[in-house]
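The values are calculated or read from the model by the stated rules, or taken from the named source; none is laboratory data. These figures come from a predicted structure and were not determined experimentally. A quick note on method: Cβ atoms are made from the backbone with ideal geometry, for glycine too, and the neighbour counts reach across all protein chains shown. Just the protein is used for accessible areas: all its heavy atoms, side chains included, with ligands, DNA and RNA removed. Shrake-Rupley method; radii C 1.70, N 1.55, O 1.52, S 1.80 Å.
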Amino acid sequence: MSELDPVHEAVEFLEWADGKQEETPASRLKAITRRGALTGGAAGLVAAALAACGKSSPSSSKAQSSGTSGSPSSKIFGSSKKFKFVFVNHVTTNPFFVPTKYGAQDACTLLGCSYQWTGSENSNVNEMVNAMNTAITGGANGVAVALIDKAFNGPTDNALKAKIPVVAYNADWAGNSRLSYIGQDLFVSGQEMGKRIAQLVPSGDVALFIATPGSANIQPRIDGAKDTLKSHSSIKTHTIATGADTPAELSVIDSYATGHPTTKGYFAVDAGSTQGLAQTIQKHGLRSKGVKGGGYDLTPITQKLLASDEIDFTIDQQPYLQGFLPVLQLYMYQVSNSLSGIADVNTGLKFLDKTTVVPYNSTKSRYEGTSSSAGVAKA
């Protein structure tokens, strides 16, 4: 029996009790609020609202294409069309994007639409462009794409000419005609990381690891860091490419550590490299030698090693929102006949240390990709 069963039983009892009373707008709001309190924050309110509309919670979906027949959204937005959206991604199997996929799935469940997750496993731009072209010729109702290269400029223009809205998520490209960007301000985040590096390592050799140099989702970060650090002449930076495959990234970083024992700081601009440097610092006992480290994003391994003080920080950019908000924007654009829905959204820059990461390790949720169930539960 799952640990959420008592909550479910309580909700069922409330629904039984509510059924014995005359329904009014006030009673509906009261019921939703009580269910939200029981099932955990904003996610609970969404689940409760869906239940009040006769729908299941997002966790009941069995596939990525999680449209819900008879969605209450048709009554709210005046459209019963089952829109299909396509997400084109550069590392489709990377654990960083697990919460992004949950976000897209939850938004589709809420709105009665569906989505497809496609692209490349290893940042192959040609594979991604082919996937985007397939989405366009297949009549997708909207495309969300990680714009890691200028090669998407043509497909984006073609989609817009075909009246298919395109939004960027996670990575943006200057000059692309996408309608909006949902993600972190990458260059600014790199500048802020550079400030943190300078505080941690006032002088000496600093390694900067990047999975795929030139890729628009991470290159601006390393550019931003270098932009800050160039005014610190006592710090010497070294840029190392690690590759898009997480196990390979660890191997590259481990080898670098062996060959460069005087390095005082290990920092990365992508999730896989951040996890890899944390594992390397732990393996070689580098913290006892005064080595500093940090990077981006939250994987279970990174979170645990941060909590155990193997690295100094990681930066959260809310990947769940990078799935949820593109679906919401594309849906609103469609149902409003392009009158509403499109807006640039900065999903944030949040430094986490060994103290502030504790809630991430002590809970499980779709928001962080650590659970497939709705709400937030104890780990």
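Things worth noting here:
- Every Cα-Cα pair in segment 231-317 was counted, and those over 20 Å apart are 27% of them.
- Once the convex hull of all Cα atoms in segment 88-163 is built, its volume per residue stands at 80 Å³.
- Lys230 paired with Lys82, simple spin-label distance in nm, labels 7 Å along Cα-to-beta-carbon: 5.4 nm
- Extension gain from Thr134 to Ser177, taking 0.36 nm per residue of separation minus the Cα-Cα distance: 13.6 nm
- Each part reduced to its alpha carbon centroid, segment 228-258 and segment 75-105 end up 33 Å apart.
- Listed pairs Lys75/Lys161; Lys230/Lys264; Lys81/Lys350; Lys283/Lys354; Lys101/Lys230 exceeding 26 Å between Cα atoms: Lys75/Lys161; Lys81/Lys350; Lys101/Lys230
- Filter on Lys195/Lys364; Lys304/Lys364; Lys82/Lys378; Lys84/Lys163 - keep pairs with C-alpha separation over 25 Å: Lys195/Lys364; Lys82/Lys378
- Peptide packing for 73-81, 174-182, 188-196, 108-116 was compared via the average number of neighbouring C-beta atoms within 10 Å per residue; ordered from the highest value, the list is 108-116, 188-196, 174-182, 73-81.
- Linear extension gain, Asn337 paired with Ser372, 0.36 nm per residue minus alpha-carbon span: 9.2 nm
- Segment 285-370: Rg to Rh, with Rh as the Kirkwood radius over Cα pairs: 1.17
- Relative to the current alpha-carbon distance between Asn346 and Ser255, full extension at 0.36 nm per residue lengthens the span by 29.2 nm.
- Between the C-alpha center of segment 317-379 and that of segment 140-219 there is a gap of 17 Å.
- In range of the label at Ala379: residues from segment 300-338 whose backbone nitrogen is under 13 Å from the point 7 Å along Cα→Cβ: 300-309
- Solvent exposure of segment 211-298 amounts to 40 Å² per residue of accessible area, where only protein heavy atoms count and the probe is 1.4 Å.
- Shape parameters for segment 73-207, alpha-carbon atoms, Rg then Dmax in Å: 17.7, 62
- In this calculation the C-beta distance from Asn153 to Ala248 is compared with R0 = 22 Å, giving a FRET efficiency of 0.15.
- Taking all pairs of distinct alpha-carbon atoms in segment 140-197, Kirkwood radius in angstrom: 12.2 Å
- Solvent-accessible area of Leu330 with every protein chain in place, 1.4 Å probe, in Å² to the nearest 10: 0 Å²
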